[in-house]
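Structure, as structure tokens:
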């Protein structure tokens, strides 16, 4: 269809509304690297106390260049990430901004998510070729900002919910952990979930497995730093062949949908559980109706799934490519095909669904 033919069908009010949304998205996309810069240089942390600062003040606090800092401050103020006081031409963070951007151990710490965006933008050319060929892009093949970003994106949710809501929602699991249990954390990445559980349940022992060697090295360091290296033990292993058995709990945090053969992984879980054991599957929040996922959270997860999750699965054997918005029914199919007879949604947050499966 020609440009003139399309133009003749355009509703100008709808066009202006659409372009306005695109401009807002453009501003958000262009602001993303500034969030990474502010995080890396400690600019947000230096403003966490809410005091008013000039560009000169902030540059001095962070040992950075005043002219760059001034432009960064104005960009953040324009985006609503900091506040500007025109009376004295200073900048400050309100408590909500500081809680989300300047403090590391909060349930809504945001900068990690923008490291994921950095990796996605960096890897665009790889994905263009994958779109053409249908080939996969392995998790390990992405920019290294992805691995730190994923940990920092998901870790706040684990801090806020894992030991206070999710594990208590599982039938009999918390009692076992308090008494002393064996736990396998599959696809553990940097070990944020493994270390948190080891800190919370000192009588239990936790084994973290991931095929990505660099992530396992980082997880071991995290366990050492937290003083739980004797009970949070990490090793390189894929989901279908991780070692050991007799696990009272096997946990998959936001990773089942990334696997090439999730049913094969599920069968291995079935074989390695102790009698009466539980499989906890944490997945991105989604409904079974595609159109119900067309919302801000679904937008984030569908985009991540296109760039990260689907390519990861396609790079492995089988390449089922569940995607990050598979939904409960599809996850249940995978679980039941592996021999599990009981499956339920145990808990949920705006970002996650927590499933419980038993043989």
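I'm told residue 158 meets every condition in (1) surrounded by 13 or more Cβ atoms within 10 Å (Cβ to Cβ); (2) assigned by TED's automatic domain parsing to the domain that holds residue 44; (3) in contact with a helix residue (DSSP H, G or I) (Cβ under 9 Å, 6 or more places away or on another chain) except one. Can you identify the failing condition by its number? Every listed condition holds for residue 158 apart from (2).
Mind telling me which of the residues 274, 357 ends up being in contact with a strand residue (DSSP E or B) (Cβ under 8 Å, 6 or more places away or on another chain), more than 24 Å from residue 156 (Cα to Cα), in contact (Cβ under 8 Å) with a residue 24 or more places away in the chain and surrounded by fewer than 17 Cβ atoms within 10 Å (Cβ to Cβ)? Within the list 274, 357, the selection yields 274. Consider residue 227 carefully, then state whether it is surrounded by fewer than 17 Cβ atoms within 10 Å (Cβ to Cβ), more than 21 Å from the chain's Cα centre (by Cα), within 22 Å of residue 176 (Cβ to Cβ) and assigned by TED's automatic domain parsing to the domain that holds residue 332. No. Only one of the listed residues (58, 15) is closer than 15 Å to residue 101 by Cβ and more than 30 Å from the chain's Cα centre (by Cα). That residue is 58. Quick one: would you say residue 313 is within 26 Å of residue 169 (Cβ to Cβ), out of contact with any strand residue (DSSP E or B) (no Cβ under 9 Å at 6 or more places or on another chain), in a helix (DSSP H, G or I) and in the same structural domain as residue 178 (by TED's automatic domain parsing)? In short, no. Just one of the numbered conditions (1) crowded, with 16+ Cβ neighbours inside 10 Å; (2) in contact with a helix residue (DSSP H, G or I) (Cβ under 9 Å, 6 or more places away or on another chain); (3) over 20 Å from residue 300 (Cα atoms) is not true of residue 135: (1).
A quick yes/no check of all residues on (1) at pLDDT 95 or above; (2) crowded, with 24+ Cβ neighbours inside 10 Å; (3) over 20 Å from residue 150 (Cβ atoms); (4) in contact with a strand residue (DSSP E or B) (Cβ under 7 Å, 6 or more places away or on another chain):
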{"position": "176", "(1), (2), (3), (4)": "yes, no, yes, yes"}
{"position": "187", "(1), (2), (3), (4)": "yes, yes, no, yes"}
{"position": "194", "(1), (2), (3), (4)": "yes, yes, no, yes"}
{"position": "200", "(1), (2), (3), (4)": "yes, no, yes, no"}
{"position": "204", "(1), (2), (3), (4)": "yes, no, yes, yes"}
{"position": "213", "(1), (2), (3), (4)": "yes, no, no, yes"}
{"position": "217", "(1), (2), (3), (4)": "yes, no, no, no"}
{"position": "221", "(1), (2), (3), (4)": "yes, no, no, no"}
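Here 73, 58, 34 are screened, and the one residue that is within 17 Å of residue 113 (Cα to Cα) and in a helix (DSSP H, G or I) is 34.
Residues considered: 129, 125, 96, 165. Of these, the only one that is surrounded by fewer than 17 Cβ atoms within 10 Å (Cβ to Cβ), touching a strand residue (DSSP E or B) at 6+ places or on another chain (Cβ under 9 Å), modelled with pLDDT of 95 or more and over 24 Å from residue 240 (Cβ atoms) is 165.
Among the conditions (1) more than 19 Å from the chain's Cα centre (by Cα); (2) within 26 Å of residue 174 (Cα to Cα); (3) surrounded by fewer than 23 Cβ atoms within 10 Å (Cβ to Cβ); (4) touching a residue at least 60 places away in the same chain (Cβ under 8 Å), the only one that residue 263 does not satisfy is (2). The helices (runs of 4 or more DSSP H) found entirely in segment 77-162 that carry 3 or more residues being within 23 Å of residue 312 (Cβ to Cβ) are 111-122, 124-133, 145-161. Does residue 298 meet the test of being more than 23 Å from residue 167 (Cβ to Cβ), modelled with pLDDT under 95 and surrounded by 15 or more Cβ atoms within 10 Å (Cβ to Cβ)? No; evaluated as a whole, the condition is false for this residue.
Residue pairs whose Cβ atoms lie under 6 Å apart, sitting 6 or more positions apart in sequence or on different chains, and linking a residue in segment 166-189 that is free of Cβ contacts under 8 Å to residues at least 40 places away in the same chain to a partner that is buried (at least 22 other Cβ atoms within 10 Å of the Cβ), are 174/167.
Scanning segment 298-307 turns up no residue that is over 20 Å from the mean Cα position of the chain (by Cα), closer than 28 Å to residue 168 by Cα and not in a loop (DSSP other than H, G, I, E, B).
On the basis of being on the phi > 0 side of the Ramachandran plot and either surrounded by fewer than 17 Cβ atoms within 10 Å (Cβ to Cβ) or modelled with pLDDT of 95 or more (or both), does residue 8 make the cut? No: the conditions fail for residue 8.
Those residues that are surrounded by fewer than 19 Cβ atoms within 10 Å (Cβ to Cβ) and either touching a residue at least 24 places away in the same chain (Cβ under 8 Å) or in contact with a strand residue (DSSP E or B) (Cβ under 6 Å, 6 or more places away or on another chain) (or both), I need them from segment 58-77; list them, please. Listed by number, the residues that qualify are 75, 77.
The values are calculated or read from the model by the stated rules, or taken from the named source; none is laboratory data. Worth saying up front: this structure is predicted, and the values here are computed from it rather than measured. All Cβ positions, even for glycine, are placed from backbone atoms using ideal geometry, and neighbour counts span all protein chains on display.
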